[in-house]
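All remarks here apply to the structure that follows.
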Amino acid sequence: MRDTPFKRLAIEAFHRGGGLDAVRWFNRRGLRILMYHHFSDPAALASQCAHIRRHYNPVSISRVGRWLKIGEPLPENPVAITVDDGYRDFLTVAHPVFREYGIPVTVFVVTDFLDGKLWLWVDRVQYAYRRANRPYEESRQMVESLKRLPNAERLSALARLSASLGIVLPSEPPPEYRPLFWDEVRRLAAEGVEFGPHTMTHPILSSISSVSEITREIAGSKRRLEDELGRPSVHFCYPNGSWHDIGEDALSAVRASGFETAVSTIPGLNSRPADPFLLRRIAADPALPERYFHQLAAAFRV
Ligand SMILES: [Zn+2]
């Protein structure tokens, strides 16, 4: 529908008349899991946290696990906050804000990324296009077409791509793409931040043909994180995470690897009984316009 003056008036009336209150009441038993990646503006995040505190009840992923496993009740309008990949801006920008608002957070880390062995392939594509002064839209299209390639082919296509753009990719990620250090992970864990593995190299799991390679990505990242933290990590996060990106083999490997929950990027709310290994999430970003964020959080728009 086009944004006609009538539609704009209707939307205004909806918001003035407490429309989102009605949506929240209707969805009050559904668990919303918000998914963040990057942070640059603490004030924008603080305003989202204030909104969350005013209208929702934040819960930890451990509590979500107990809700799914033994039916421990959740408060009404529950929300869980997740942060993917393990970028360092979680520590420098986001953590102080979430802590100030008393909102529990789970961070899902790519273990080879934190080990300094790689930087994420999507970041490499975006960096190469930006350095080559090519439009952002082109890099988005390239990411989408690279997603469809089998894993090994994607990595070699990536090397050819940067060469064709005349860009040399540094072996270490540039500052905006840097990961947390492991001692920072431990410090954050001691302050109550929960961590879960998000594979070793962030492949699209459905694009890997070998089951043992899929298992290595999943169980290997769990072991690596547990080694660093010295405690079990039982909450997993699929890379990309639409059903098409996950696939049956990865789902079976997650079920068999001792996890309690796994989050996807399939959009929506979660209600019991939900498949604990295919939890739905809502993509969020501190840069979203305020009203749009309020609609997302209410699951009026997912
Ligand atoms: Zn990710």
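The values are calculated or read from the model by the stated rules, or taken from the named source; none is laboratory data. No experiment lies behind these values; they were computed from the predicted model shown. Cβ atoms come from the backbone with ideal geometry, glycine included; neighbour counts cover every protein chain shown. Quick note on the areas: whole protein, heavy atoms, side chains included, nothing else; ligands and nucleic acids left out. Shrake-Rupley method; radii C 1.70, N 1.55, O 1.52, S 1.80 Å.
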Based on Cα positions only, what radius of gyration and what Dmax would you give for the range 150-226, in angstroms?
15.9, 45
Amide hydrogen neighbours beyond the local backbone of R281, cut-off 5 Å, H modeled:
S264, I266, G268
If amide hydrogens are placed 1.01 Å from N in the peptide plane, which non-local residues have theirs closer than 5 Å to the one on F195?
V107
Kirkwood hydrodynamic radius of the chain, Cα pairs, Å
20.3
The range 121-172, accessible area per residue, ligands and nucleic acids excluded (1.4 Å, Å²):
61
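State which helices in the chain qualify, where a helix is a whole DSSP H run, it must extend 18 Å or more along its own axis by its Cα atoms, and its mean Kyte-Doolittle hydropathy must be at least -0.5.
The qualifying helices are 42-55, 151-164.
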In what sequence, highest mean first, do 187-200, 107-120 appear when ranked by Cβ atoms within 10 angstrom?
107-120, 187-200
Consider a paramagnetic label point 7 Å from the Cα of S62 along Cα→Cβ; state which residues of the range 214-257 have an amide N under 13 Å from it.
231-235
Where the centre of each part is set by its Cα atoms, how far does the range 79-110 sit from the range 224-268, in angstrom?
18
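Compute the length gained on full extension between A22 and E290: take 0.36 nm times their separation in residues and subtract their Cα-Cα distance, giving the result in nm to one decimal. Could you put the intermediate results ahead of the total?
Working: separation 268, 0.36 × 268 = 96.48 nm, distance 1.84 nm.
Taking A22 through E290 to full extension adds about 94.6 nm, to one decimal.
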Note down the nm distance, to one decimal, between modelled labels 7 Å out along Cα→Cβ at E144 and at F300.
2.8
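Roughly to the nearest percent, how much of the accessible area of the range 121-172 is carbon and sulfur, given a 1.4 Å probe?
Numbers: 1630 of 3160 Å².
C and S atoms contribute 51 percent here.
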Just going by the charge dipole of the range 183-302, with Lys and Arg at +1 and Asp and Glu at -1 on Cβ, which of A189, F293, S212 is farthest out on the positive end?
F293
The correct pair for the range 121-172, radius of gyration to one decimal and Dmax as a whole number, both in Å and from Cα atoms, is 10.2, 28
The size of the Cβ-based charge dipole (Lys, Arg +1; Asp, Glu -1) of the chain about the Cα centre, to the nearest 20 debye, is 780
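Mean residue ellipticity at 222 nm from the helices of the chain, using -39,500 (n - 2.57) per DSSP H segment of n ≥ 4 over the full residue count, to the nearest 500 deg cm²/dmol? All intermediate terms of the calculation are to be shown ahead of the outcome.
Working: 14 runs with 140 residues, N = 302.
After summing the helix terms and dividing by residue count, I get -13500 deg cm²/dmol.
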By how many nm would the segment from A157 to E137 lengthen if fully extended, with 0.36 nm per residue of separation less the alpha-carbon distance?
5.3 nm
